[in-house]
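> Attaching a single structure in structure tokens format; questions to follow.
Coordinate-derived values only; no laboratory data. These numbers were taken from a predicted model, which means no experiment stands behind them. Methodologically, a virtual Cβ is constructed for each residue, glycine included, from the backbone with ideal geometry; neighbour enumeration extends over all protein chains shown.
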Amino acid sequence: MAPKVLISAGEASGDLYASSLVLALRRRHPDMDFFGCTGPRLRHAGVRQIVDSASLGVVGLVEVITHLPRIRREFHKLLDAAKRERPDAAILTDSAGFHLRVARRLHAMGIPVIYLVAPQVWAWRQWRLPLMRRVLTRLLCIFPFEQGFFQKHGVPATYIGHPLSRLVRASAGRAELRRIWGVPEDRFLIAVLPGSREGEIERHRPYLEDAISRIQAALPGKCQFILALPPAAKMKERFSGSSIQVKEGQTWDILASADVALAASGTVTVEACLLGTPMVTFYRVNRLTWMLGRSLVRVPFFSMVNLIAGRKVVSELIQDEMTGERLAAEVIALLNDAPRRAAMRGDLAEVSALLATKEDPMEKAAVVVEELLSEDWSQEMVHV
């Protein structure tokens, strides 16, 4: 009988990683059957949808409260499918608030749980570690410092490397892309990346629009802006106007052709790093979420680029520091200082090298999943 796997991704980056893993597993087992919580990439990879991951895209301690009834419905829908279909294993990707609860229930059903993209409990919420020790069969880590941390705390962890180190590529060269965007070589191109979830895009929008106006006033006729949104974004019309192009699903090309990026802290900062794009990072949450969560954070930086480097490589404008004035000032300083941009590109190249591995991360992850499935089947045969 073909192996059956529940796979679940709660956001855009998880959808990308999980779909890459599905393809790697299908190269080994073309008849493998996948179902679960899917985004567009998982659906394109042939995963049967039980839950649409778009329904789970909420960030923040407070913001999530109003969405709890819907999230609870999706939670039970996914678990009901697991009870019906009895998968041989489950692969849960990122979105720890949702997936660790799913993992606990799947573990109780006797379903092995493989967790792809480690929850950032090294930064905060270390109280999750006992649950992870108890319910995860294997944790697949994408950052080099994570494996040692989790193994020290008794969580069975394997470092596979960062999937984006093999995936992030532009579709054409910088000059060709700028020609496509209509950006002359004597103008700066600024990529604007407000986030992947509707809530964070809306929170960041007024500050980014203010920053764009200030940059245009300070450098008249010298800059063009492209707003990069995820595919099928619902916020496109809110960034109307001739001052900024809006593109969906072309983030890597936009970053590869940009002189500077204004990037929401998250996966896109790693993408910008891998493409060597100088950047200014930012993030805002609900004020109560910030007040409740800030004291729990145990790391010196918010940007993953800075955390991996172990020093400040890119500017971070978080919460009240994220204003249109501060964003504009940081971007203008970078644009006016070519040696500083070159130095940042050198630092980003060092971080990119730390993320690279000899083996393809998704191939390595597929081997781990295959081995765990084989162990489970062997144990079942012993008990037959």
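> Provide, for the chain, the number of lysine pairs with alpha carbons under 29 Å apart, each pair being eight or more places apart or on different chains.
The result is 14.
> Still on this structure: Using alpha carbons only, how many degrees (0 to 90, rounded to 10) separate the axis of helix 12-28 from the longest principal axis of the chain?
50
> Can you give the longest stretch of the chain with no exposed loop site, where a site means GluC sites (Glu not before Pro) in a DSSP loop (not H, G, I, E or B) with at most 12 other C-beta atoms within 10 Å?
Between the exposed loop sites, the longest stretch runs 1-184.
> Given all pairs of different Cα atoms, what value in angstroms does the Kirkwood hydrodynamic radius of region 153-278 take? Write down the numbers at each step before the final one.
Values: mean 1/r = 0.0646 Å⁻¹.
Here the Kirkwood hydrodynamic radius works out to 15.5 Å.
> How high is the FRET efficiency between Arg28 and Asp52 when r is their beta carbon distance and R₀ equals 25 Å, given to the nearest 0.05?
On the way: r = 28 Å, r/R0 = 1.10.
So the FRET efficiency works out to roughly 0.35.
> Where the convex hull is taken over the Cα atoms of region 296-352, what is its projected area averaged over directions, in nm²?
Working: hull surface 17.8 nm².
Taking the Cα atoms of region 296-352, their convex hull projects to 4.4 nm² on average.
> Counting alpha carbon pairs within less than 8 Å and at least 6 residues apart, what relative contact order, in whole percent, applies to the chain?
Working: 661 pairs, mean separation 59.1, N = 384.
About 15 percent, as a whole number.
> While we're here: Determine which residues of region 200-217 fall in the zone a paramagnetic label at Arg70 would reach in this model, i.e. backbone nitrogen under 13 Å from the point 7 Å along Cα→Cβ.
200
> If you look at just the Cα atoms of the chain, how large are its Rg and its Dmax in Å?
21.3, 76
> Oh, and also: Rounded to whole Å and sorted largest first, what semi-axes of the equivalent ellipsoid does the C-alpha gyration tensor of region 169-209 yield via the square root of 5 times each eigenvalue?
For region 169-209, the ellipsoid semi-axes come out as 27, 14, 6 Å.
> Measure nothing fancy, just the Cα-based angle from helix 198-218's long axis to the longest principal axis of the chain, in degrees from 0 to 90, nearest 10.
20
> Still on this structure: Just subtract the alpha-carbon distance of Ala349 and Glu85 from 0.36 nm times their residue separation and send over the number in nm, one decimal.
Numbers: separation 264, 0.36 × 264 = 95.04 nm, distance 4.54 nm.
Full-extension gain reported as 90.5 nm.
> Right, next: Loop-only check: which trypsin sites (Lys or Arg not before Pro) in region 152-203 are DSSP coil with at most 14 other Cβ within 10 angstrom?
On the way: sites: Lys152, Arg166, Arg169, Arg174, Arg178, Arg179, Arg187, Arg197, Arg203; in loops: Arg169, Arg187, Arg197.
The qualifying sites are Arg169.
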